[in-house]
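Data block below; observations after.
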Amino acid sequence: MIRLARSLDRLQRHYDVVVVGSGYGAGVAASRLARAGKRVAILERGREFLTGEFPSRFPDLRQQMQVTGKRVRIGSPTGLYDVRIGDDMNILVGCGLGGGSLINAGVTLRPDPRVFRDEAWPAEIAKDGLIAEGYARAIRWIRPARDPDAAQRTKFKALASAGKALAEEPVAAPVAVTFKETINPAGIRQPACTACGDCCGGCNVGAKNTVALTYLPDAVHHGAQVFTHAKVRHVSQEANGGWRVHFERQDGKAGGAMSVGADIVVLAAGTLGSTEILLRSRAQGLAVSDRLGHRFSANGDIIAFGYGGKGPVNGIGVGHPSKVDGLDVGAAVSGQIEIVDEDDLARSLTIQEGVLPSALAPILPVLFLPNGRLLGALQSLVSGVYKGPFAGLQTFFAVSHDSAAGRLGLEDDRISLQWPNARDEPVYRRVDDALEALVKRAGGRYVKNPLAGTVMGHQPATAHPLGGCVMGRERDDGVVNHKGQVFDGNPRIGSADVHEGLYVIDGSVIPRSLGVNPLLTITALAERALIHLARDCGLTFDDAPHQRERAPAINVPPIA
Ligand SMILES: Cc1cc2nc3c(=O)[nH]c(=O)nc-3n(C[C@H](O)[C@H](O)[C@H](O)COP(=O)(O)OP(=O)(O)OC[C@H]3O[C@@H](n4cnc5c(N)ncnc54)[C@H](O)[C@@H]3O)c2cc1C
Ligand code: SF4
């Protein structure tokens, strides 16, 4: 494997482009601009994980948890699983080189076309034809595929059986997973998926098509420099019109606050990260739209469980190397039920069967059983969880639509979400009804939130945060334009004027719920934004995949 990141000691004073973050938006921006010949630096707050380094035991997973709320701050600021506890909603995002792609389920779907007819989008998105090209490029690089054995997976069959309650049949879900060994578009050899089910813990096989295995190595191949442990605080404009990116180093070395100059800055730190950076930049004097922080959506997203059902599900990952012989689980999602409401888009719903990572296996009794602590101790032999009642545990990921009425702001210098009526959003009742029917059919008990009795509380939770820096026609209805350029908030200049060289390209620009898992659309919009950026700046690049395997570079030790 190739380690991409280098020490911050090697950061130069100035780059043509600084990309903040390293998820889908960042990966596309870095790859395309490096291909266009720009000197690119990527600043990521988390650390790099090579294939094989993701937590596979609970103590390791616990070390990679960071939990932040008003009254709580637990774990390392570079922990992979970043949980934000809010008064109205909890949010889970990824932290590490590759962003959410490291821990997501990789479901790769296009939204219903009605989503793009909503007036929330600037008209150009539907009209200039480039969104179609964006999807085509995203698909070429992310390579969604369906598990050829999806219908044989026990969890798929369990969903098929439960789906009778809604008179719905599941279909195989497209996922960003390599099912047959291949050389990927970045020239990296990816082995075939072993069906271990650990996608959401981090793929230790190298079969999940993460940003860390696709766009980021491509960017590095074209000269981009990657720096981890760099948490960006704000950006400011210099007298000559260039940009300065201010960040804190998190690698424990002296130096603390640092900065780097750039002609172009691409904020791609995700919905929470990019919005937080712009909010802080505004507090430091940058004029931006007063729509900043508005239109936060949870994408109508829910994770819930069915416990105690009659048949086996095999919905707990076995990891790699496998902890349990002879158990093929399948990728984190193999099948889904699609419920399309032709009359009311908001009522459309996708329900996926999910898998919990193997590292969570030892604590499942604690989560689901009243006397679980004792049982947890008794069942410390992990295999107990695979054979006993937990073999019937069903995990559901459901995605639909909400009103995008959340609002992000800064509180004690940290991003926080205000959405007082979030739990009353109609979507939650609808999804609960559907999932309850499925679980009842399977003979189990619907468990909406096994962590309700903990610091997580009863509020809804999402892994699909969107919005905060949404695109609009002008600064009165958006923070960026359809190309991702940040509107200048100075009232003395035109309302569609932008800050030259400052972009936001990630999930934060999406102005409404998508109703499907968002990674493909985030990537497609990023590819589209880069086509525009290249045209505006007179740049050229192609997105042709590498034809040959790239020789692995000499392995260097991890940074911190
Ligand atoms: C458990 C889980 C399962 C999911 N499953 C799916 C799925 O199956 N399909 C799907 O489509 N989506 C899924 N998602 C959601 C999807 O992964 C995200 O929507 C997507 O990763 C967002 O992409 P992004 O480019 O906006 O930012 P991200 O991928 O979130 O990347 C942002 C990056 O910026 C970094 N960053 C943040 N702040 C700073 C800062 N101040 N300075 C420097 N760096 C910073 C972060 O560490 C992160 O690496 C899932 C998410 C989770 C957590
Ligand atoms: S099921 Fe296992 S091998 Fe396959 S993509 Fe997921 S984590 Fe990787």
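Considering only region 263-272, state which residues are surrounded by fewer than 24 Cβ atoms within 10 Å (Cβ to Cβ) and in a strand (DSSP E or B).
Of region 263-272, the ones surrounded by fewer than 24 Cβ atoms within 10 Å (Cβ to Cβ) are 263-264, 272.
Scanning region 263-272 gives D263, I264.
Residues checked against (1) under 30 Å from I42 (Cβ atoms); (2) touching a strand residue (DSSP E or B) at 6+ places or on another chain (Cβ under 6 Å):
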position	(1), (2)
R84	yes, yes
V93	yes, yes
G98	yes, no
A105	yes, no
L109	yes, no
G129	yes, no
F156	no, yes
V177	yes, yes
A186	yes, no
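What do you reckon, is R512 within 16 Å of ligand 1 (Cβ to nearest atom), of a type in the set (K, R) and either buried (at least 24 other Cβ atoms within 10 Å of the Cβ) or touching a residue at least 12 places away in the same chain (Cβ under 8 Å) (or both)? Break it down into steps so the answer makes sense when it comes.
Working: within 16 Å of ligand 1 (Cβ to nearest atom): yes; of a type in the set (K, R): yes; either buried (at least 24 other Cβ atoms within 10 Å of the Cβ) or touching a residue at least 12 places away in the same chain (Cβ under 8 Å) (or both): yes.
Answer is yes for this residue.
Take the conditions among the charged types (D, E, K, R), modelled with pLDDT under 95 and within 30 Å of L166 (Cα to Cα) and apply them to R429. Does it pass? In short, yes. Anything in region 172-191 that is more than 8 Å from ligand 2 (Cβ to nearest atom), among the hydrophobic types (A, V, I, L, M, F, W, C) and within 23 Å of F156 (Cβ to Cβ)? List them, or say none. If the condition is that a residue be more than 8 Å from ligand 2 (Cβ to nearest atom), among the hydrophobic types (A, V, I, L, M, F, W, C) and within 23 Å of F156 (Cβ to Cβ), then A172, A173, A176, F179 are the ones that fit. Kindly indicate the residue of region 263-307 that is more than 26 Å from C537 (Cα to Cα) and without any contact (Cβ under 8 Å) to a residue 60 or more places away in the chain and also nearest to the chain's Cα centre (by Cα) among those meeting that condition. Step by step, filter region 263-307, then rank; the result is Q284. Restricting to region 314-323, and then to whatever is in contact (Cβ under 8 Å) with a residue 40 or more places away in the chain and farther than 24 Å from N517 by Cβ, can you tell me which residue is surrounded by the fewest Cβ atoms within 10 Å (Cβ to Cβ)? If we take residues in region 314-323 being in contact (Cβ under 8 Å) with a residue 40 or more places away in the chain and farther than 24 Å from N517 by Cβ, then S322 is surrounded by the fewest Cβ atoms within 10 Å (Cβ to Cβ). Candidates in region 483-533 are the residues that are closer than 26 Å to G261 by Cα and among the charged types (D, E, K, R); of these, the one that is farthest from the chain's Cα centre (by Cα) is D497. Only a single item in (1) assigned to a loop (DSSP other than H, G, I, E, B); (2) at pLDDT 95 or above is not met by T275, and it is number (1). The helices (runs of 4 or more DSSP H) found entirely in region 71-180 that carry 1 or more residues being over 24 Å from R295 (Cα atoms) are 130-142, 154-162.
Could you please let me know if V115 is at pLDDT 95 or above, within 16 Å of ligand 1 (Cβ to nearest atom) and under 18 Å from L356 (Cβ atoms)? Reasoning before the result, please.
Values: at pLDDT 95 or above: yes; within 16 Å of ligand 1 (Cβ to nearest atom): yes; under 18 Å from L356 (Cβ atoms): no.
When the stated conditions are applied, V115 does not pass them.
Can you tell me which residue in region 168-194 is surrounded by the fewest Cβ atoms within 10 Å (Cβ to Cβ), limited to those that are within 15 Å of ligand 1 (Cβ to nearest atom) and over 20 Å from G27 (Cα atoms)? Out of the qualifying residues, it is A172.
Screening region 278-313 for residues that are surrounded by fewer than 24 Cβ atoms within 10 Å (Cβ to Cβ) and at positive phi and picking the one that is nearest to ligand 1 (Cβ to nearest atom) gives G285.
One line per residue, one yes/no per condition, for (1) crowded, with 23+ Cβ neighbours inside 10 Å; (2) free of Cβ contacts under 8 Å to residues at least 12 places away in the same chain; (3) hydrophobic (A, V, I, L, M, F, W, C):
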| residue | (1), (2), (3) |
| --- | --- |
| L92 | no, no, yes |
| G100 | yes, no, no |
| N104 | yes, no, no |
| E119 | no, yes, no |
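In region 195-219, of all residues being within 12 Å of ligand 1 (Cβ to nearest atom) and not in a loop (DSSP other than H, G, I, E, B), the one that is nearest to R146 (Cα to Cα) corresponds to K208.
Go through A298, A332 for me and flag whichever is closer than 25 Å to P111 by Cα and within 16 Å of ligand 2 (Cβ to nearest atom). Can you show your working first?
Values: A298 fails: within 16 Å of ligand 2 (Cβ to nearest atom).
Every option except A332 fails the conditions.
The values are calculated or read from the model by the stated rules, or taken from the named source; none is laboratory data. Since we're looking at a predicted model, the values are computed, not measured. All Cβ positions, glycine included, derive from the backbone under ideal geometry; neighbour counts span all protein chains shown.
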